[in-house]
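Enquirer: Can you keep this structure in mind? I'll have questions shortly.
The values are calculated or read from the model by the stated rules, or taken from the named source; none is laboratory data. This one's a predicted model, so the numbers in the text were calculated from it and none came from an experiment. Here Cβ is always computed from backbone atoms with ideal geometry, including for glycine, and neighbour counts include all displayed protein chains. In case anyone asks, the SASA skips ligands and DNA or RNA and just uses the protein heavy atoms, side chains included. Shrake-Rupley method; radii C 1.70, N 1.55, O 1.52, S 1.80 Å.
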Amino acid sequence: MTGFSAFNKFTGELKEDGNLMPVLFIGHGSPMNGIQDNEFSRRWKKMAQEIPVPKAVLVVSAHWLSRGTRITAMDFPKTIHDFGGFPQELFNVQYNAPGNPLLAKETAALFKNTQIEMDHDWGLDHGTWTIVRHMYPEANIPVLQLSIDYYKDPQYHYDLAKELYDLRKKGVLIIGSGNMVHNLGMVAWDKLDSEFGFDWALTLNTKFKELIANGDHKPLINYKNLGKEALLAIPTPDHYLPLLYTLGLKGSKDSVSFFNDKAMAGSLTMTSVKIG
């Protein structure tokens, strides 16, 4: 298959010798983190310095919900400003990283039981570019997005992620971008920029970390059974599902660590996970 041969050439500088690219779940928080020099953005930048330079970046963002699963397949994805009410400086940002249609096609071919559609309309939403522009400011690494089929259950997403595992062997950095605890309806607006979490948010965030650290993914997939705190923390699953993609990519020998582990504005957590 000529396409696969070309993909191997694209990613072949990294040998398949068991050295896997890490996987990240990143709590992206406010779009303002995309232009601010703060503790979160500085940690994203530092993370990029700690891990191998990827051949490409594939992001599962909370902000691309679709019917069916799609992958960006254009040469140069546009920068999407999918928010309102923020300073013009944020809308002026253009993150001009290339895409990679060949990688999109070969990523789609990894899925055996799901039809992946090539997408030429979306681009990079703020769940992606606000993070990646800090990690790779030169915008010289291909960046793709994989959409979230919002009509599927959590188990589907966890299982789907497993089929991406071979990309880790090829030097592709896979990032899930969302927030473990994300309830905008209960934000403490007087503490918008403060490290503060309601008791239920802190309780569940601690429970999430314990389960992740122990590799106990079943309760995380069936998060609605974790009690009333879970229903407060995850009123809608959009920001939570990217975590399941990250967990689904964990190998048996992968280590787990946490970073940016803070609650903000009462009902949001920036807690992020590095696997591998």
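Enquirer: When the Cα centres of segment 219-276 and segment 43-100 are compared, how far apart do they sit, in Å?
Expert: Measuring centre to centre over Cα atoms gives 20 Å.
Enquirer: Here is a further query. Determine which lysines satisfy two conditions relative to K112: a Cα distance under 20 Å, and not lying fewer than 8 residues away in the same chain.
Expert: Correct list for K112: K152, K162, K169, K170, K250.
Enquirer: What is the antiparallel percent of DSSP beta bridges lying wholly in the chain, to the nearest 5? Don't skip to the answer; put the middle values down first.
Expert: Working: 12 of 35 bridges.
In the chain, DSSP labels about 35 percent of beta bridges as antiparallel.
Enquirer: If I take the Cα coordinates of segment 68-179 and project them onto the principal axes, what are the three extents in Å, biggest first?
Expert: If we take the Cα atoms of segment 68-179, the spans are 43, 29, 23 Å.
Enquirer: Taking the Cα-to-Cβ direction at D216 and at E117 and moving 7 Å from each Cα, how far apart do the two end points lie in nm?
Expert: 4.0 nm
Enquirer: Right, something else. Report the convex hull volume per residue for segment 174-260, counting only C-alpha atoms, in Å³.
Expert: Roughly 101 Å³ of hull volume per residue.
Enquirer: What angle do you read, to the nearest 10 degrees and between 0 and 90, between the alpha-carbon axis of helix 2-11 and the longest principal axis of the chain?
Expert: 60 degrees
Enquirer: Quick check: residue separation of L184 and D166 times 0.36 nm, minus the Cα distance between them. What number comes out in nm?
Expert: Full extension of this stretch gives 2.9 nm more.
Enquirer: Something else: Accessible area per residue of the chain at 1.4 Å probe, in Å²?
Expert: 44 Å²
Enquirer: Efficiency by 1/(1 + (r/R0)^6): what FRET value for V53 and E195, r their Cβ-Cβ distance, R0 = 25 Å, to the nearest 0.05?
Expert: Using R0 = 25 Å, I get an efficiency of 0.20.
Enquirer: How big is D for the chain, in µm² s⁻¹ as a whole number, if Stokes-Einstein is applied with the Kirkwood radius of its Cα pairs at 20 °C and 1.002 mPa s?
Expert: So the translational diffusion coefficient is about 114 µm²/s.
Enquirer: Where in segment 151-212 are there chymotrypsin sites (Phe, Trp or Tyr not before Pro) that are in a DSSP coil and have at most 14 other Cβ atoms within 10 angstrom of their Cβ?
Expert: Y151
Enquirer: I've got another one for you. Counting only protein heavy atoms, what percent of the accessible surface of the chain is carbon or sulfur at a 1.4 Å probe?
Expert: 50 percent
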